[in-house]
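The values are calculated or read from the model by the stated rules, or taken from the named source; none is laboratory data. On a predicted model such as this, the values are computed, not experimentally measured, just so you know. FYI the Cβ positions are ideal-geometry reconstructions off the backbone, even for glycines, and counts take in every protein chain you see. The area values use the complete protein model at the heavy-atom level, side chains included, leaving out ligands, DNA and RNA. Shrake-Rupley method; radii C 1.70, N 1.55, O 1.52, S 1.80 Å.
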Amino acid sequence: MTPQTFYEQLKTHGITLTDKQKKQFERYFELLVEWNQKINLTAITEKNDVYLKHFYDSIAPILQGHLANESVRILDIGAGAGFPSLPMKIIFPNLDVTIVDSLNKRIQFLNLLADELSLTKVHFFHGRAEDFGQDKQFRQQFDFVTARAVARMQILAELTIPFLKLNGRLIALKASAADQEMEQAKNALTTLFAQIIESRDYELPNGDPRNITIVEKKKETPKKYPRKAGTPNKKPL
Ligand code: SAM
């Protein structure tokens, strides 16, 4: 997807990027490729691929009507080089975005990126979701949690649901979700008082399969979750 096609695709969804926003995406691409030579950020470095598989792919929650340009608080768990939250932040500047990632080099990259792109209302933290999830400043503070390609739902639910306000939503993006994955997540979701309200398969314009799953928090998360770092992975609910 060329940058031009990216702009045109957005237009079909009623979003017209300003010159400033186009430049922000362009600079994001340049910095991603430049920093990728020093630290491992992504396997995708060809320009048209970055626009399709990182930028366009990341904004699915906007294109599918799950987010608007409001000053809601979003937490992106395991965002790596900023996906999916920062492309959404460029398009909807009113969003207040927090990122937690367990690799400090990626957090350093994000700080530099935010400076270069003059992003405001972005906050980056190094650490594990399991630890932040027990911290009062983070627990039950967010309207939305996003996560792209971080873990299967059975594990992801424990890493994300504790951060949500009541009726807040997890937006999980991945290449594809087998029915089996949702079946396996049933116990975790019940234990955490959360419910899948939508799970939709779709395709990128090049035909690559994708899935978006929306999970809503129905009641306060029991205090013991998330369990200590590593446990959700080792002993999934
Ligand atoms: N979301 C990004 C994307 O789609 O390009 C990165 C995906 S990468 C496969 C997974 C990221 O999650 C890594 O950057 C890793 O450091 C982070 N991660 C994995 N487990 C985590 C945890 N428990 N807490 C915080 N970050 C975690």
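Points worth noting:
- Here the mean projected area of the convex hull built on the C-alpha positions of segment 1-116 is 6.6 nm².
- Surface exposure of segment 69-234, expressed per residue as accessible area with a 1.4 Å probe, stands at 44 Å².
- Rounded to the nearest 10 Å², the accessible area of Val50 at probe 1.4 Å: 0
- Of the residues Met182, Asn167, Phe25, the one whose Cα sits farthest toward the positive end of the charge dipole of the chain, with +1 on the Cβ of Lys and Arg and -1 on the Cβ of Asp and Glu, is Asn167.
- Length gained on full extension, His126 to Gln140, computed as 0.36 nm times the residue gap minus the Cα-Cα distance: 3.1 nm.
- Residue order by solvent-accessible surface for Phe109, Phe124 is Phe124, Phe109, largest first, with ligands and nucleic acids left out and a 1.4 Å probe.
- Sorted from greatest to least, the principal axis extents spanned by the alpha carbons of segment 137-219 come out as 40, 24, 19 Å.
- Solvent-accessible area, 1.4 Å probe, carbon plus sulfur percent, for segment 69-234: 46
- Estimated D of segment 36-99 in µm² per second, where Rh is the Kirkwood radius over Cα pairs and Stokes-Einstein applies at 10 °C, 1.306 mPa s: 128
- Kirkwood hydrodynamic radius of segment 69-234, from inverse mean 1/r over distinct Cα pairs, in Å: 16.0
- Magnitude of the charge dipole for segment 69-234, about its Cα centre and with charges confined to Cβ atoms of Lys, Arg (+1) and Asp, Glu (-1), is about 640 debye.
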